[in-house]
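J.: Can you keep this structure in mind? I'll have questions shortly.
All of the numbers you see were taken from the coordinates with simple rules; none came from a lab. Keep in mind that this is a model prediction, so the values were computed, not measured. Every residue, glycine among them, receives a Cβ derived from its backbone with ideal geometry; neighbour counts consider all protein chains shown.
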Amino acid sequence: MDVFEAVASRFSCRAFLQTPVAEITVRDIIESASRAPSAGNMQPWRVYAIAGSRIEELKNLLTPRMATELPKGEGAEYTIYPEPLTEPYLGRRFQVGELLYRAIDIARQDKAGRYKQYAKNYEFFGAPVALFFARERDHGPAQWADIGGYLQTVALLARGHGLHTCPQQAWVSYHKTVRSFLKLPSNQMIYSGMAMGYEDSAAPINSWRSPREPLEAFATFSGFD
Ligand SMILES: Cc1cc2nc3c(=O)[nH]c(=O)nc-3n(C[C@H](O)[C@H](O)[C@H](O)COP(=O)(O)O)c2cc1C
């Protein structure tokens, strides 16, 4: 798979097969992704990879809490969306939610149905591998951005191995549980989780793709002859 195919075929996969992924593959992805650029070559990413019994352990901690705690969980450790979220971003966020729930026939008014689907975040959508990306508390916006670039590099390298991913900031709402589970040092905080594995291509939740704005909406060009 070339880089063009990797970019074009990556999407947020929300149903995985149980097929395991070899540790050596996950190690290779995590190591190779560190070729991602970072300001001053700080390489500010910290990665915690779990699989198998560790994933089961974490799921067992959270599953019984889902029915009463969603959508807030433990309260997010940092604000993911600007408040208030204004146009055009509000509309884009709304649209992607509508497309997702329409793909699995869950109506807007069906809050319980939506929470049930949302809760699958905390099962890593059935993925056999899960990653947590952490950041140093005293790092700033440039380092957050670098970790974002690292995360995307992981997602693209995963495609090279035939794997799919879903980045998961949903885990920020369970930061206390994740902190104690991973024994995260106090100077680090979770930036995002990520589910990784082989796509269940028969699952309706994986049947749609998120739209993008046309080029002219976000880029300008000048000086090209
Ligand atoms: C840092 C980050 C965190 C995300 N967190 C979640 C999440 O918690 N759960 C989820 O289902 N999707 C999550 N997403 C996926 C976005 O909804 C998705 O990237 C966006 O709608 C574009 O769709 P695509 O990734 O399929 O192209 C996240 C994406 C990013 C980049």
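J.: What does the charge add up to near residue 108, with Lys and Arg as +1, Asp and Glu as -1, over the other residues with Cβ less than 15 Å from its Cβ?
T.: Around residue 108, the surrounding residues sum to +2.
J.: So if the hydrodynamic radius of the range 178-225 is defined as the Kirkwood radius over C-alpha pairs, what does Stokes-Einstein give as its diffusion coefficient at 10 °C and 1.306 mPa s, in µm² per second? All intermediate terms of the calculation are to be shown ahead of the outcome.
T.: Working: Rh = 16.3 Å.
Rounded, D is 98 µm²/s.
J.: What length, rounded to one decimal in nm, is gained on full extension from residue 118 through to residue 76, with 0.36 nm per residue of separation minus their alpha-carbon distance?
T.: Working: separation 42, 0.36 × 42 = 15.12 nm, distance 1.52 nm.
My answer for the length gained is 13.6 nm.
J.: Would you tally the net charge around residue 182, using a Cβ to Cβ cut-off of less than 14 Å, leaving residue 182 out, and scoring K and R as +1, D and E as -1? Could you put the intermediate results ahead of the total?
T.: On the way: positive: 46, 54, 135, 176, 179, 183; negative: 57, 77.
Around residue 182, the charge tally is +4.
J.: A further question on this structure: Net charge near residue 85: determine it from the other residues with C-beta under 15 Å of the C-beta of residue 85, scoring Lys and Arg +1 and Asp and Glu -1. Intermediate values should be presented prior to the final figure.
T.: Numbers: positive: 92, 93; negative: 83, 87.
Local net charge: 0.
J.: Cα gyration tensor of the range 23-96, axes a ≥ b ≥ c as square roots of the eigenvalues: rounded (a/c below 1.5), prolate (a/b > b/c) or oblate? Don't skip to the answer; put the middle values down first.
T.: On the way: a/c = 2.35, a/b = 1.14, b/c = 2.07.
Verdict is oblate for the range 23-96.
J.: Pull out the extension gain between residue 225 and residue 87, defined as 0.36 nm times the separation in residues minus the alpha carbon to alpha carbon distance; nm, one decimal. Please report the intermediate quantities before stating the final value.
T.: Numbers: separation 138, 0.36 × 138 = 49.68 nm, distance 3.42 nm.
This chain segment gains 46.3 nm when fully extended.
J.: Could you pull out the longest piece of the chain with no exposed loop trypsin sites (Lys or Arg not before Pro) in it, calling a site exposed if DSSP puts it outside H, G, I, E, B and it has at most 14 other Cβ atoms within 10 Å?
T.: Numbers: sites that count: 72, 108, 137, 183, 209, 212.
Result for the longest clean stretch: 1-71.
J.: Just 18, 152, 109 to compare: in a GNM of the chain, with alpha carbon springs under 10 Å, which one fluctuates most?
T.: 109
J.: Can you give the percent of C-alpha pairs in the range 1-55 whose distance is more than 12 Å?
T.: Working: 1160 of 1485 pairs.
Roughly 78 percent, once rounded to a whole number.
J.: What lysines does residue 183 reach when the alpha-carbon gap must be under 27 Å and sequence neighbours fewer than 8 apart in one chain are set aside?
T.: 59, 72, 120
J.: Apply the Kirkwood formula to the range 108-225: the hydrodynamic radius equals the inverse of the mean of 1/r over all pairs of different alpha-carbon atoms; give it in Å with one decimal. Can you show the working numbers first?
T.: On the way: mean 1/r = 0.0594 Å⁻¹.
Evaluated over the range 108-225, this radius sits at 16.8 Å.
J.: Compactness ratio of the chain: Cα Rg over 2.2 N^0.38 Å, N = residue count? Don't skip to the end; give the middle numbers.
T.: Values: Rg = 17.9 Å, N = 225, 2.2 N^0.38 = 17.2 Å.
Working it through for the chain, the quotient is 1.04.
J.: Neighbouring Cβ atoms within 10 Å as the yardstick, rank 196, 1 fewest first.
T.: Details: 196 26, 1 12.
Least to most surrounded, the residues fall as 1, 196.
J.: Right, another one. Based on DSSP loop calls and a cut-off of at most 16 other Cβ atoms within 10 Å, the longest stretch of the chain free of exposed chymotrypsin sites (Phe, Trp or Tyr not before Pro) is what?
T.: Numbers: sites that count: 11, 78, 208, 218, 221, 224.
For chymotrypsin sites (Phe, Trp or Tyr not before Pro) (loop position, at most 16 other Cβ atoms within 10 Å), the longest site-free span of the chain is 79-207.
J.: Need the C-alpha centroid separation for the range 27-92 versus the range 116-130, integer Å.
T.: For the range 27-92 versus the range 116-130, the Cα centre distance is 12 Å.
J.: Computed over the Cα atoms of the range 18-146, what is the ratio Rg over Rh, Rh following Kirkwood?
T.: We get a ratio of 1.00 for the range 18-146.
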